[in-house]
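Read through the structure below, which is laid out as structure tokens, and then see the notes.
The values are calculated or read from the model by the stated rules, or taken from the named source; none is laboratory data. Note that the coordinates shown come from a computational prediction; the quantities given were computed from them, not determined experimentally. Here the Cβ positions follow ideal geometry from the backbone for every residue, glycine too, while neighbour counts run over all protein chains shown. Calculation scope for accessible area: heavy atoms of the full protein, side chains included, ligands and nucleic acids excluded. Shrake-Rupley method; radii C 1.70, N 1.55, O 1.52, S 1.80 Å.
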Amino acid sequence: MILAQSSPLRPISANGPVLELKNLGVAYGRGAASVQVVHDVSLAVERGEALGIVGESGCGKSQTMLAALGLLPRGGRITSGQVLLEGQDLVGRSPRQMRPVRGREIALISQDALTSLNPAMTIGKQMAEPMIHYGGMSRSAARQRCTELLDLVGIPGAAARLASYPHELSGGMRQRALIAMAISANPKVLIADEPTTALDVTTQSQILRLIDSLRKELGMALILITHDLGVVAGVADRVAVLYAGRVVETAETETLFAAPRHPYTKALLDSIARIEDDVAERLNPIPGLPPDPRNPVSGCAFHPRCEYSREICRNALPILEDGTGAQHPVRCHVDPFVSSSLRAVGGAR
Amino acid sequence: MNTPAIQLKNVSVRFPIRTGILRRVVGEVHAVDDISFEINEGETLGLVGESGSGKSTTGRALMGLAPLTAGSVACFGRDLKQLKLASGALPRISQIVFQDPYASLNPRMTIGETLQEVLEVHGLAKGRDAKQRVDMLLDDVGLRRDLAERHPHALSGGQRQRVAIARALAIEPKFIVLDEVVSALDVSIQGQIVNLLQDLQRDRKLTYLFITHDLSIVRHVSHSLVVMYGGQVMEKGPRKSIFAAPLHPYTSALLSAVPVPDPKIERMRPRIDVRSEPPNPLAPLTGCRFQKSCLFASEICRSERPQLQSIEGHDPQHLAACHHMREPRVREALSRAARGALS
């Protein structure tokens, strides 16, 4: 059980994970008013690997990553666990010690490119600034590098765009510029937090494929955070599903889609409006709402919305365990799909 | 044939660009350019396109919120201009629900007060009567009655969208413009709102204009479809015919872009790509608006605007504006991409 909790995602290569979260907990407030938003989350991502983190709003997916980056807002704190970057624990480091980590080791792309960019500074200037100040580059070398980067992320007329202000670019172009900035210091890990949620579908598809090709080209590890399982289908190697601040299932992407084990994962998959469905069919949303972390649910947090819940689900928190030995741990007492998932895994071999 | 509930004829919307102290007009934004379509009563028309395609401006024009530069709109047989002149007449027929209910609900008013205000402003109910109506409205949209005491911030995104729908329903309109109503919601919750809207439509014979960039939702809700790009209609027709075989490269590109929640298909399927060059509404292109993003564009696309036409072997109401849509190589590429998305 301890093994399952501490390393649910066993590294596949011998190198070990580049970023590993071990039993991470995050809470806001203190004492009786303390609210735990992330419980005991363990995740790992290897060099060049893409890990999808999926869950609804408020499931703790962004909080987990902010904690890993040392960027929790005021009032938030890490209550337990470790954040290991190539084996070095980042928890407890001072802001000054974290500064060289962010951007250079772990970079973040957030949902809203417009608020992440400085509106009063040209794209070229805000891209070049860290290169000059931290990278020790000359002005002309930085300019050269910026042009290369904008070119790399598919911005046409890159050299001319250096003089543009963020508002002069379209949403997709801004997101590309932000990606260019994120990869400018060759980070080992790129965290993309809902990178396409604010974009049109055609732009979304382009940005996802861009992030994926950059990951492969530059050998970065990618953590893709989203509420849309459709988005991870094309990019992630493995997926971790979060619910109410806990990992409820992790698996290789194909396995997860073909044979989900947790009722929540199954419900998420069923809720997607598939383009092949016809109008007569009703959509299958998940009933109800995710729980409010201020009023935690007893037992399994999903039980009020779960069609398979039994007595035990109301009383006891299930542990994340890999009963099948197929690298597919799940946190469920009932595991109603276990037989079908075993079949699928057996068939794939 | 019945007269359609909503009818747009050659509608254009242009916004003047003013500058200097004298506010001289120095140019125009061509937001919507000569579009026509109809919606039958009790049906949903899906209006699809990306940011800047003019789809939201079209919705606002239907609500009388954007001025028509040219063309006409008829709502249930009455001209939009006349309806606007008769005070309160237009909102009683048409209502609009926006993407972000958080921005469209007053944060200082409780849900009950917001709904009650609408009823009182339109003289539909007062006092205790209004309170009862509020309870019924909350029932209609599947919210618990005690939520009337809450403020918008205490509600989830899906609940707030239900409140916005209740507010639109309060006036008992016949027609509702739904502008990206589920785009900001979690995928797991989107279906709750879509199912609610479909139930309401069935029970009350409501007519919807469903504006979105998400083709997969549109397929679930629409009877017919209009695909816009750069302020113009690229393709329109019955949903079945369009999804069976899209005629326009842009529609096909939209289909290609929708993520398929199956890793095997998603990684292998053929796509129709668009080059990322959004149209400039200040200086609209001559010829086809989609030319710069289109894989099949040629000389004629740059010089001549393609007209909406039907194509043999397809539903005669299924129209597209493309010079190349009859060519076998284009048909082949489009149908391969469509099969990839729909398999």
Per-region count, segment B:43-60, residues within 14 Å of chain A (Cβ to nearest Cβ) and under 17 Å from residue B:74 (Cα atoms): 3
Given the conditions (1) of a type outside the set (Gly, Ala, Ser); (2) open to solvent by 30 Å² or more (accessible area, probe 1.4 Å); (3) in a helix (DSSP H, G or I); (4) without any contact (Cβ under 8 Å) to a residue 24 or more places away in the chain, every one holds for residue A:145 apart from (4)
Starting from segment A:293-312, keep only residues that are in the same structural domain as residue A:336 (by TED's automatic domain parsing), then list their pairs with residues that are polar (S, T, N, Q) and open to solvent by less than 100 Å² (accessible area, probe 1.4 Å) whose Cβ atoms are within a distance under 8 Å, requiring at least 6 positions of separation or different chains. A:293/A:36; A:296/A:36; A:300/A:309; A:302/A:309; A:303/A:309
Pairs returned, first residue in segment B:172-198 that is crowded, with 22+ Cβ neighbours inside 10 Å, second residue that is of a type in the set (Ser, Thr, Tyr) and part of a loop (DSSP other than H, G, I, E, B), beta-carbon separation under 6 angstrom, 6 or more apart or interchain, are B:186/A:57
Among what's in segment B:303-343 and is part of a loop (DSSP other than H, G, I, E, B) and hydroxyl-bearing (Ser, Thr, Tyr), pick the residue that is farthest from the other protein chains (Cβ to nearest Cβ). B:310
Take the conditions in contact (Cβ under 8 Å) with a residue 24 or more places away in the chain and among the hydroxyl-bearing types (Ser, Thr, Tyr) and apply them to residue B:19. Does it pass? no
Among the strands (runs of 3 or more DSSP E) lying completely within segment B:205-302, list those that include at least 1 residues that are touching a His at 6+ places or on another chain (Cβ under 8 Å). B:224-229, B:232-238
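Every residue, every condition in (1) buried (at least 24 other Cβ atoms within 10 Å of the Cβ); (2) at pLDDT below 90, yes or no:
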| site | (1), (2) |
| --- | --- |
| A:247 | yes, no |
| A:251 | yes, no |
| A:257 | no, no |
| A:273 | yes, yes |
| A:296 | no, no |
| A:300 | yes, no |
| A:304 | no, no |
| A:315 | no, no |
Of the conditions (1) more than 9 Å from every other protein chain (Cβ to nearest Cβ); (2) open to solvent by less than 30 Å² (accessible area, probe 1.4 Å); (3) at pLDDT 90 or above, residue A:326 fails just one. Which one is it? (3)
In this structure, is residue B:17 part of a loop (DSSP other than H, G, I, E, B) and either among the basic types (Lys, Arg) or open to solvent by 20 Å² or more (accessible area, probe 1.4 Å) (or both)? no
Condition first: under 30 Å from residue A:317 (Cα atoms) and part of a strand (DSSP E or B). Can you find one or more residues in segment A:229-236 that meet it? no
Scan segment A:102-116 and give yes if some residue there is in contact with a strand residue (DSSP E or B) (Cβ under 9 Å, 6 or more places away or on another chain), in a helix (DSSP H, G or I) and away from every other protein chain (no Cβ under 13 Å), otherwise no. yes
In this structure, does residue A:104 turn out to be over 23 Å from residue A:46 (Cα atoms) and not polar (S, T, N, Q)? no
Can you find even one residue in segment A:211-218 that is farther than 15 Å from residue A:59 by Cβ, within 13 Å of another protein chain (Cβ to nearest Cβ), among the aliphatic types (A, V, I, L, M) and open to solvent by less than 40 Å² (accessible area, probe 1.4 Å)? no
Give segment B:253-275 a look and list any residue that's open to solvent by less than 50 Å² (accessible area, probe 1.4 Å), in contact with a helix residue (DSSP H, G or I) (Cβ under 6 Å, 6 or more places away or on another chain) and over 18 Å from residue B:55 (Cα atoms), or say none. B:256, B:257, B:258, B:259, B:260, B:261, B:263, B:266, B:269, B:272, B:274
Single residue of B:29, B:25 found to be touching a residue at least 40 places away in the same chain (Cβ under 8 Å) and either open to solvent by 70 Å² or more (accessible area, probe 1.4 Å) or not in a loop (DSSP other than H, G, I, E, B) (or both): B:29
Output yes when any residue across segment A:262-280 is assigned by TED's automatic domain parsing to the domain that holds residue A:45, within 13 Å of residue B:188 (Cα to Cα), among the basic types (Lys, Arg) and more than 14 Å from the chain's Cα centre (by Cα), and no when none is. yes
Filtering segment A:31-50 for residues that are crowded, with 20+ Cβ neighbours inside 10 Å and either within 14 Å of chain B (Cβ to nearest Cβ) or free of Cβ contacts under 8 Å to residues at least 12 places away in the same chain (or both) leaves a count of 1
Is it the case, given these coordinates, that residue A:305 is of a type outside the set (S, T, N, Q), touching a helix residue (DSSP H, G or I) at 6+ places or on another chain (Cβ under 8 Å) and away from chain B (no Cβ under 14 Å)? no
Looking only at segment A:154-167, filter to residues that are at pLDDT below 90 and open to solvent by less than 30 Å² (accessible area, probe 1.4 Å); which one of those is nearest to residue A:125 (Cα to Cα)? A:158
At the interface with chain B (Cβ under 9 Å from one of its Cβ atoms), open to solvent by 20 Å² or more (accessible area, probe 1.4 Å) and assigned to a loop (DSSP other than H, G, I, E, B): does that describe residue A:197? yes
Please work out which residue is most open to solvent (accessible area, probe 1.4 Å), limiting yourself to segment B:88-124 and to residues that are part of a loop (DSSP other than H, G, I, E, B) and more than 18 Å from residue B:141 (Cα to Cα). B:108
Among the residues in segment B:145-168, are any part of a helix (DSSP H, G or I), surrounded by fewer than 16 Cβ atoms within 10 Å (Cβ to Cβ), on the phi < 0 side of the Ramachandran plot and in contact (Cβ under 8 Å) with a residue 12 or more places away in the chain? yes
If you scan segment B:193-224, which residues turn out to be of a type outside the set (D, E, K, R), in contact with a Ser or Thr (Cβ under 9 Å, 6 or more places away or on another chain) and facing chain A (nearest Cβ under 8 Å)? B:198, B:213, B:215, B:217, B:221, B:222, B:223
Quick count over segment A:168-181, residues being more than 14 Å from chain B (Cβ to nearest Cβ) and open to solvent by 10 Å² or more (accessible area, probe 1.4 Å), is 2
